[in-house]
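Structure record follows, encoded as structure tokens.
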Amino acid sequence: MNDQTQITPIMKQPTPPSNPRLESWKTFFKKLRKNRAAMVGGILILFFIFVAIIGPFLAPFDPTTQNQMNKLVGPSSEHWFGTDHQGRDIFSRLIHGMSITLFIGFTSVIIGAFFGVFLGLVSGYYGKRVDAVIMRSMDVLLAFPGILLALAIVSVLGGNLTNVIIAVGIFAIPSFARIVRGSVLSVKKLEYVDAVKALGASDVRIIFKHILPNVMSPIIVQATLYMAAAILTASGLSFLGMGAQPPTPEWGAMLSAGRSYMFDAPHVAFFPGIAIVIVVLAFNIFGDGLRDALDPKMKN
Amino acid sequence: MFTFIIRRSIQTIPVLIGVTVLVFMLMHLIPGDPAQIIAGESASEQQVEQMRERLGLNDPLPVQYFKYISNAVQGDLGSSVRNGRAVADEISARFWTTVELAVYSTILSIFIGLIAGIISATRHYTLTDVSIMIVALFGLSMPNFWLGLMLIQWFSIGHISWLPFDTAWFSPSGWGSWQQNVLPVITLGTAGAAIIARMTRSSMLEVIGQDFIRTARAKGVKERVVIYRHALKNALIPVVTIVGLQFGSLLGGTVLTETVFAINGMGRLIIDAIRARDFPVVQGTVLVISLLFVLVNFLVDISYRYLNKRVDLD
């Protein structure tokens, strides 16, 4: 008998090739699921989107039909949030206003992100004079504090919903550009970018195929947090009478109309304000959670 | 430090030029003929031509810009289309009201924000911390114009039904006496306080986790000294930047607060001017507020450098 025992090499089972992008998304969702506040924010946002789509079909009253016999009635079982100065049901108007609010937020963020990300990518990648020109231009836009830039744009273009979206979108461009530029500056130093360059890839390909996917995290976080700011700015402009015009059930405009009845019927201004707070809060919570999961460095 | 100030001043120049170009271009970006729009739809051909002449729109664009700037440097920002008064006079009559409102609100937000942030950081992950952060999140998410209206409702109209006494303590409009100032300052300062509280907390937590704090504790330094002398001093550095930015956004926010409380400041002046299509006033006010913001940012950068010697302009 052969004493020598035959040693059979134990081969490690080759792990199936995994898609690194898919893996990173899995890790991201895992982190996000652990953040309870972010989950609450996310679920609330999904609920708001659902209300914006389905709500108008379920609203108990027409949002623009006036009922002069039923003016400034307080909350009741028939009119949950009462009626306004034209006898319109506030609850129904808020439900209809949800789609307007989300539409303003989404479109202005898309406008701001589109131009801001493009400028940030170009600025960060090319550097030198291109960077100096783009970033100084962004500094100029940032020199108009708060709502002032959006207000100046609306004063030129005229006050309506489309112009508010454009104004809030332009207002968002510098913050996206700055964040993306910063991320590009650190990503473009990585070896893989040099490798792609050495393989002869064009600048456009490097920027959009290889750098952009790696700076998506701060863009997503910024977009979510900016939704909150966009909704607040747009409702502020409508409150000043520079945005949505009556009888559009936009929350800022509803709040503005309620100002005149603070003494007799405070509920007319109270409920639209609460609606804005809840939606903005949801985006802020979700944005905070996304940041913690995707890009904790952004915290500071 | 002197070199830093000089270099930072040079960096400010292109921004100043950009701001003036953009403000100057406001009138020229109006779709259609600005003279016709400002004179009104019913204005005759002659009136439109007079308006064009008055606004200097007949000159080539670069000439108009240089005239605007050279006049602005001498304190001439044109005259109001509505009442013919000098724009500079209109602004100077309201300038200090807006600055006072922004300064008081900044002081309030620093005071509340710092205290809340420090308490939150020193008791992190306790009920106190969570409660403060939830309140801060609400403060951040609240439209200040709505908060202002609610404060008027509760503390000026005096209607808190569950209280056994009248709560009409403060004036709902105007600016000057303390009864008039309290509500607008709270309205404008709330969001800033929330942001500063969040920033102070995260900055403090980061500093508290560092080695030099552990060393201080190991040496037996009292906890109070560790927090206030060692941690807070270092944690304040990023907070300074936020405070500067906050002052700017408060300047912008005065537009809404002044509207809610009928305060006769620069913010309300802009709104009235936009409604009346009084573009020289819109241009002048936007220019003054933006230049003020640029100046504040400049000062904040210098103080930031003073606090943190490692800062480099690049």
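Bear in mind these aren't lab numbers, they're just calculated from the coordinates by the rules spelled out. As the structure is a computational prediction, the values presented were derived from the model and not from experiment. Don't worry about glycine lacking a Cβ; one is built from the backbone with ideal geometry, like all the others, and counts go over all protein chains shown.
With K and R counted +1 and D and E -1, the other residues having a Cβ less than 15 Å from that of A:His267 yield a net charge of 0. Round to a whole angstrom and tell me the spacing of the C-alpha centers of the range A:217-291 and the range B:50-81. Each part reduced to its Cα centre gives a spacing of 38 Å.
If I take R0 = 45 Å and measure r between the Cβ atoms of A:Asn70 and B:Gln179 in this structure, what FRET efficiency does the formula 1/(1 + (r/R0)^6) give, to the nearest 0.05? Given R0 = 45 Å and the Cβ-Cβ separation, E is 0.75. Mean per-residue shielding of peptide B:249-262 is 4, counting Cβ atoms of other chains within 10 Å of each Cβ. Taking a point 7 Å out from the Cα of B:Ile157 in the direction of its Cβ, the residues of the range A:255-287 whose backbone N falls within less than 16 Å of it are A:255-274. The charge dipole of chain A, taken about its Cα centre with unit charges on the Cβ of Lys, Arg, Asp and Glu (plus for the first two, minus for the last two), comes to roughly 980 debye.
Each listed q (0.12 Å⁻¹) maps to a log10 I(q)/I(0) for chain A, found by the Debye formula over equal Cα scatterers with no solvent: -0.87. Between A:His85 and A:Lys30, the contour length at 0.36 nm per residue exceeds the alpha carbon distance by 14.9 nm. Axis of helix B:127-141 versus longest Cα principal axis of chain B: the two differ by about 10°, to the nearest ten degrees.
Taken along the Cα-to-beta-carbon direction at a fixed 7 Å, the label points for B:Asn83 and A:Arg205 span 6.6 nm.
Contact order, relative form, for chain B: 24 percent (alpha carbon pairs under 8 Å, 6 or more residues apart, mean separation divided by residue count).
Ordered by the number of other Cβ atoms lying within 10 Å of each residue's own Cβ, fewest first, B:Thr190, B:Thr241, B:Thr97, A:Thr233 fall into the sequence B:Thr241, B:Thr97, B:Thr190, A:Thr233. For the range B:114-249, the direction-averaged projected area of the alpha-carbon convex hull comes to 10.5 nm².
Applying D = kT/(6 pi eta Rh) to the range A:14-150, where Rh is the Kirkwood radius over alpha-carbon pairs, T corresponds to 4 °C and eta to 1.567 mPa s, the Stokes-Einstein value obtained is 65 µm²/s.
Our helix-only sum for chain A, with -39,500 (n - 2.57) per DSSP H run of n ≥ 4 divided by its residues, gives a mean residue ellipticity at 222 nm of -22500 deg cm²/dmol. Loop sites here are chymotrypsin sites (Phe, Trp or Tyr not before Pro) outside DSSP states H, G, I, E and B with no more than 10 other Cβ atoms within 10 Å. The longest part of chain B free of them is B:166-314. Farthest toward the positive end of the dipole of chain B, out of B:Tyr104, B:Ala121, B:Tyr306, is the Cα of B:Ala121, where the dipole comes from beta carbon charges about the Cα centre. Suppose R0 equals 60 Å. What FRET efficiency, 1/(1 + (r/R0)^6) with r the Cβ-Cβ distance, do B:Asp59 and B:Leu127 give to the nearest 0.05? That gives a FRET efficiency of 0.35.
Only Cα pairs under 8 Å and 6+ residues apart enter the sum, and on that basis the relative contact order of chain A stands at 23 percent. Note on chain B: lysine pairs with Cα distance below 28 Å, sequence gap of 8 or more or different chains, count 5.
Using R0 = 22 Å, the C-beta based FRET efficiency linking A:Lys128 and B:Tyr304 works out to 0.25.
Projecting the Cα atoms of B:Gly253, B:Phe138, B:Met204 onto the charge dipole of the range B:137-282 (Cβ charges, centred on the Cα centre) puts B:Met204 farthest toward the positive pole. Membrane-span-like helices in chain A, defined purely by DSSP H runs whose alpha carbon atoms cover 18 Å or more axially and whose average Kyte-Doolittle hydropathy reaches -1.0, are A:36-58, A:90-126, A:128-142, A:161-187, A:216-239, A:267-294.
Mean sequence separation of contacting Cα pairs (under 8 Å, at least six apart), scaled by the length of the range A:43-189, corresponds to a relative contact order of 24 percent.
Would you work out if chain B is rounded, prolate or oblate? Take a ≥ b ≥ c from the square roots of the eigenvalues of the alpha-carbon gyration tensor; rounded if a/c is under 1.5, else prolate when a/b is larger than b/c, oblate otherwise. Cα axes put chain B in the oblate bin. Computed about its Cα centre, the charge dipole of the range A:38-128 is approximately 320 debye, with only Lys, Arg, Asp and Glu carrying charge at their Cβ. Taking Cα atoms only, the orientation of helix B:45-55 departs from the longest principal axis of chain B by about 50 degrees.
Each listed q (0.19 Å⁻¹) maps to a log10 I(q)/I(0) for the range B:169-284 from the Debye sum over equal C-alpha point scatterers, namely -0.96.
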